1. Here are some conditions: (1) part of a loop (DSSP other than H, G, I, E, B); (2) of a type outside the set (Val, Ile, Thr); (3) surrounded by 10 or more Cβ atoms within 10 Å (Cβ to Cβ). Residue 18 meets all but one. Which one does it not meet?
2. Go through (1) loosely packed, with under 10 Cβ neighbours inside 10 Å; (2) at pLDDT 90 or above; (3) assigned to a loop (DSSP other than H, G, I, E, B); (4) not acidic (Asp, Glu) and name the single condition residue 3 misses.
3. Has the stretch 64-73 got any residue that is in a helix (DSSP H, G or I), modelled with pLDDT of 90 or more, more than 21 Å from residue 37 (Cβ to Cβ) and within 17 Å of the chain's Cα centre (by Cα)?
4. All but one of (1) modelled with pLDDT of 90 or more; (2) under 26 Å from residue 7 (Cβ atoms) hold for residue 58, so report the exception by its number.
5. Residue check: is residue 13 on the phi < 0 side of the Ramachandran plot, modelled with pLDDT under 85, surrounded by 10 or more Cβ atoms within 10 Å (Cβ to Cβ) and of a type in the set (A, V, I, L, M)?
6. Out of everything in the stretch 29-48 that is modelled with pLDDT of 90 or more and surrounded by 11 or more Cβ atoms within 10 Å (Cβ to Cβ), what residue ends up being farthest from residue 3 (Cα to Cα)?
Amino acid sequence: MITIIKDEKLTRIADSVKPDAKRRVHLPKVLIREGVTYHIYTNSVGQIILDPQITIPASQAWLLEDKTTLALVDKGMTESANGRVIDRGSFAKYTKDAS
């Protein structure tokens, strides 16, 4: 099984929330983001974890499935975040779009 808890530092965002008559628990607006769904997990002591998920288009799923290419993208992102970049100038002359 994969690790669900990605950060052990938890922040309480609401107190004494009770399910309504239809057994629903309403989340505070601060937690709700457009396009997010949740996987729901529970443990033996009744704690509930909501793991936010997003959907990606099937045409982009290849990157997640190609581990070699994904590792190269991750490496490039890390290098960029650490300031290890080379300015190659503008590539505008190679576009077909006039704007």
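The values are calculated or read from the model by the stated rules, or taken from the named source; none is laboratory data. Keep in mind that this is a model prediction, so the values were computed, not measured. Note that each Cβ is placed from the backbone with ideal geometry, even for glycine, and that neighbours are counted across all protein chains shown.
1. Among (1) part of a loop (DSSP other than H, G, I, E, B); (2) of a type outside the set (Val, Ile, Thr); (3) surrounded by 10 or more Cβ atoms within 10 Å (Cβ to Cβ), the lone unmet condition for residue 18 is (3).
2. The failed condition is (2).
3. yes
4. Exception for residue 58: condition (2).
5. no
6. Of everything passing the filter in the stretch 29-48, 36 is farthest from residue 3 (Cα to Cα).
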